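Participant: Handing you this structure, nothing more for now.
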Amino acid sequence: MDAMTSTTTSAFAPSAAENSDERRPGSEWWRTAVIYQIYPRSFADASGDGIGDIPGITARLDDLVSLGVDAVWLSPFYRSPQNDAGYDVADYCDVDPLFGTLADVDEMLAEAHGRGIRVIVDLVPNHSSDRHVWFQEALAAGPGSAERARYMFRDGRGEDGELPPNNWESVFGGPAWTRVTEADGRPGQWYLHLFDSSQPDFDWSNPVVQEEFRRILRFWLDRGVDGFRVDVAHGLVKSDGLPDHLPAVDADSMGGGDEDVPYWGQEGVHEIYRDWNRVLAEYGGDRALCAEAWLPTVDKTALWVRPDEMHQAFNFPYLMTAWDAAAIREVISESLRAFPAVGAPATWVLSNHDVVRHASRLALTAENPQGHGIGPDSPGQPIPDVGLRRARAATTVMLALPGSAYVYQGEELGLPEVIDLPDDARQDPTWFRTAHERYGRDGCRVPIPWDADAPAYGFSPTGASWLPQPADWAPLARSAQEGDADSTLWLYRSLLATRRSTGLGAGTLEWLDGYGEDVLAFRVQAEGGAVTVIANVGTEPVALPAATVLVASEPFEGGLLPVDTAVWLATD
Ligand code: NOJ
C-alpha cells in the first residue's frame, strides 16, 4: 500500500454567515464548504404547475439548514425555452416565469444569507438559446454581419455549401452544425452547437461577447450571489481554423477522453477566467468561480484553478472512479497533490444532474459513459440493494476528505436513478438526438420526495410532477426518514455535523497501512481533532481498531466492519 501525506489549507473555514469584505487568503469559505446542488425544476414546486420554482426553494431553506450544508448551487432558472432544462438561456438577466421573478430570487438570496447559506448560480457562457435576441438578430442580419459574428457561423463545404464546415459531433448526438435558411429562402450558412441545435455556441474571440458576459457577471454579483458554477468551462474557445477532429470524436460525453479535441481545453480559455477572476475581485465576500470542466485527469482539471483563474473545479475524475479501493485511493492522492499544488482546494463530488445517481451507479455492472443514463434495456443494470449501501459508504469517505464537497439534491435521501421512466415521459435532448439509443439524464432528475403521504410526495401541492415519480418512493421521502436514526437522511446530517465540529474539510490526510488492498484507511488531522476513516470496499469483514465510532454508514455490531461500509473513528 502506498503511504503518503497530503496537506490542504490548515485554516478552519469561517462560518458561512460571515460575508466579510476582508479577504483572508487560505481561509475562504469555498475551500472547505459543503455545497448542495439544487436542480430547481425538481426541488420544490410552490406554484403547483409540476415544475419546481424559486419560492419553493425559499420555503425549504430551513430543511437545508437542518441538513447542515454551507452553500447551495442552483442550476439555471433564467428565461429559457427549456429545450435543455434551462441550459439554453434566452435572457441571462431575467428569471423564467416558470421559476418565478427577480424579486423571488432577491428574497431567496436574502433568506439564504440570513440563515448563513451562501448561494452560487449557474452561468452558461458557451452557448445561448436560439431564442436569445442575439441569435434571432444573427439569423435576420445575414452572412458577414456583426450580429452573426457573436456566434460561430460558417459557410458549408461542398459545391453548394451543403456539407457541414467540419466533422464535429454534438455531445448530445448527431452533427454539431445546423444549416440555416437565409432571408431569401435559400439554404445558407451553418452554425456550431456543441450541444442541441437550439444551443448555438458563442464566438469567444469576439470582444462584444466578452463584454456581455462581464455585464452578466456584474448583474448577479450586484444582486449578492456568492459565485458562479460555470457550465462547459472547458469548451468556450475552439481551435483556430476549426479543424476536423481526427479521429472523429465518439461524442459520448461532455468532454473527457485523452486525445486532443479541437473544442475542449484550448489554451485560450484560461484568459477568459483570468478576466473573470478580476471582475469577482472587484467585489467583497470571497466570491467564487467553479469550473464544470470534463477533463480526463485531475492534473488537467487543476489548470482551471491556478491562482488567478477559477477558485474551484469539479473533480470529475473522482466522480467517475468505480467502487474499487485502489482506484479510489489513487484519485484521492492525485487530487490532494494536484489541486493544492496550484493553491486550490481539492473538490469532491459523486452525483449531479448529468450522471447516474451514485446510489445506482456504484452498483452498475457495465460501463456507463457520462451523460448516457440508464433505462430498462441498458446493459449492466445495478445489483439490487448494493448501490445504496455503497453510496452511503462512498459519501462517508467523501465528506471526510480535505477540500470542498458537492452534494446533489436527493442523495441525502438515498434516491436511486429512476430506470423505468416511461419512454414518452423522457425529455433529455440526448434521448431524441440519438433516436432513443441513449436514455440520457432524466433518471437522475425526477422531483424529490418530501412527504410520504402528500400528493407528488410533497414536491408539489397539486400532485403535478414534470417527470413521473416512482410509486415506491414513500419510504424514501424525507418525512419517512425523519424518525429513523439509521436512515440516509440522518447519516448525512451526522456526517455534516461531525465534519463541522471536528473541522474536517480542512486538515492533513495520511494513508494508514495494514488494512489490505480492498480497504480505504486514512487519518485526517483537523483543527477540531483527528478522525480515522476506514471503508471496506472488499468482500470480507474488516477488523477495526478499538476506538469510538463517530459515524458509521451502516449500523453494525462488534469490531468487524461489514462489506460496503465506512466508518469515522475518533483518534487520539
Ligand atoms: C453541462 C450541464 O450540466 C448539462 O446539464 C447541460 O446539458 C450541458 N452542460 C450544456 O449546457
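The values are calculated or read from the model by the stated rules, or taken from the named source; none is laboratory data. Predicted model, so just to flag it, every value in this text is computed and none were measured. Because the Cβ atoms are built from the backbone with ideal geometry, glycine has one as well, and the counts that use them run over all protein chains shown. Areas reflect the complete protein model, heavy atoms only, side chains present, ligands, DNA and RNA absent. Shrake-Rupley method; radii C 1.70, N 1.55, O 1.52, S 1.80 Å.
For (1) farther than 29 Å from residue 335 by Cα; (2) in contact with an Asp or Glu (Cβ under 9 Å, 6 or more places away or on another chain); (3) among the aromatic types (Phe, Trp, Tyr), each residue gets a yes or a no:
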{"site": "393", "(1), (2), (3)": "no, yes, no"}
{"site": "403", "(1), (2), (3)": "no, no, no"}
{"site": "410", "(1), (2), (3)": "no, no, no"}
{"site": "420", "(1), (2), (3)": "yes, no, no"}
{"site": "424", "(1), (2), (3)": "yes, no, no"}
{"site": "431", "(1), (2), (3)": "yes, yes, yes"}
{"site": "439", "(1), (2), (3)": "yes, yes, yes"}
{"site": "449", "(1), (2), (3)": "yes, no, no"}
{"site": "456", "(1), (2), (3)": "yes, yes, no"}
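Participant: Okay, moving on. I need the full set of residues from region 319-372 which are of a type in the set (Gly, Ala, Ser), away from the ligand (no atom under 16 Å from the Cβ) and either outside any loop (DSSP other than H, G, I, E, B) or within 16 Å of residue 443 (Cα to Cα) (or both), in order please. Even if it seems obvious, please write down each step before you answer.
Facilitator: As a first pass, look at region 319-372 and keep what is of a type in the set (Gly, Ala, Ser): 322, 325-327, 333, 335, 338, 341, 343-344, 346, 351, 359-360, 363, 366, 371.
Of the ones still in play, those that are also away from the ligand (no atom under 16 Å from the Cβ) are 322, 325-327, 333, 335, 338, 341, 343-344, 346, 359-360, 363, 366.
Listed by number, the residues that qualify are 325, 326, 327, 333, 335, 338, 341, 359, 360, 363.
Participant: Taking the conditions exactly as written (acidic (Asp, Glu), modelled with pLDDT under 95 and open to solvent by 10 Å² or more (accessible area, probe 1.4 Å)), does residue 258 satisfy them or not? So that I can check it myself, show each step before the final result.
Facilitator: Numbers: acidic (Asp, Glu): yes; modelled with pLDDT under 95: yes; open to solvent by 10 Å² or more (accessible area, probe 1.4 Å): yes.
Yes: the conditions hold for residue 258.
Participant: Sticking with this structure for a sec: Could you list, in sequence order, all residues of region 523-540 that are under 14 Å from residue 393 (Cα atoms) and not β-branched (Val, Ile, Thr)?
Facilitator: The answer is 535, 536, 538.
Participant: Output the number of the condition that residue 290 fails; it satisfies all remaining conditions of (1) within 16 Å of the ligand (Cβ to nearest atom); (2) without any contact (Cβ under 8 Å) to a residue 24 or more places away in the chain.
Facilitator: In the conditions (1) within 16 Å of the ligand (Cβ to nearest atom); (2) without any contact (Cβ under 8 Å) to a residue 24 or more places away in the chain, residue 290 misses (2) alone.
Participant: Sort out which residues of region 88-106 are open to solvent by 10 Å² or more (accessible area, probe 1.4 Å) and either part of a loop (DSSP other than H, G, I, E, B) or not assigned by TED's automatic domain parsing to the domain that holds residue 220 (or both), and write them in order of number.
Facilitator: Hits for region 88-106 are 90, 96, 97, 98, 100, 101.
Participant: State which residue is surrounded by the fewest Cβ atoms within 10 Å (Cβ to Cβ) when the search covers only region 66-87 and only residues that are away from the ligand (no atom under 16 Å from the Cβ), small (Gly, Ala, Ser) and within 20 Å of the chain's Cα centre (by Cα).
Facilitator: It comes out as 68.
Participant: Answer with yes or no whether residue 403 is open to solvent by less than 10 Å² (accessible area, probe 1.4 Å) and within 16 Å of the ligand (Cβ to nearest atom).
Facilitator: No; evaluated as a whole, the condition is false for this residue.
Participant: Follow-up. Looking at region 194-212, which of its residues are open to solvent by 10 Å² or more (accessible area, probe 1.4 Å) and away from the ligand (no atom under 16 Å from the Cβ)?
Facilitator: If the condition is that a residue be open to solvent by 10 Å² or more (accessible area, probe 1.4 Å) and away from the ligand (no atom under 16 Å from the Cβ), then 203, 205, 206, 207, 208, 210, 211, 212 are the ones that fit.
Participant: Right, next: Go through (1) modelled with pLDDT of 95 or more; (2) touching a Pro at 6+ places or on another chain (Cβ under 9 Å); (3) open to solvent by 20 Å² or more (accessible area, probe 1.4 Å); (4) farther than 22 Å from residue 284 by Cβ and name the single condition residue 63 misses.
Facilitator: Every condition holds for residue 63 apart from (2).
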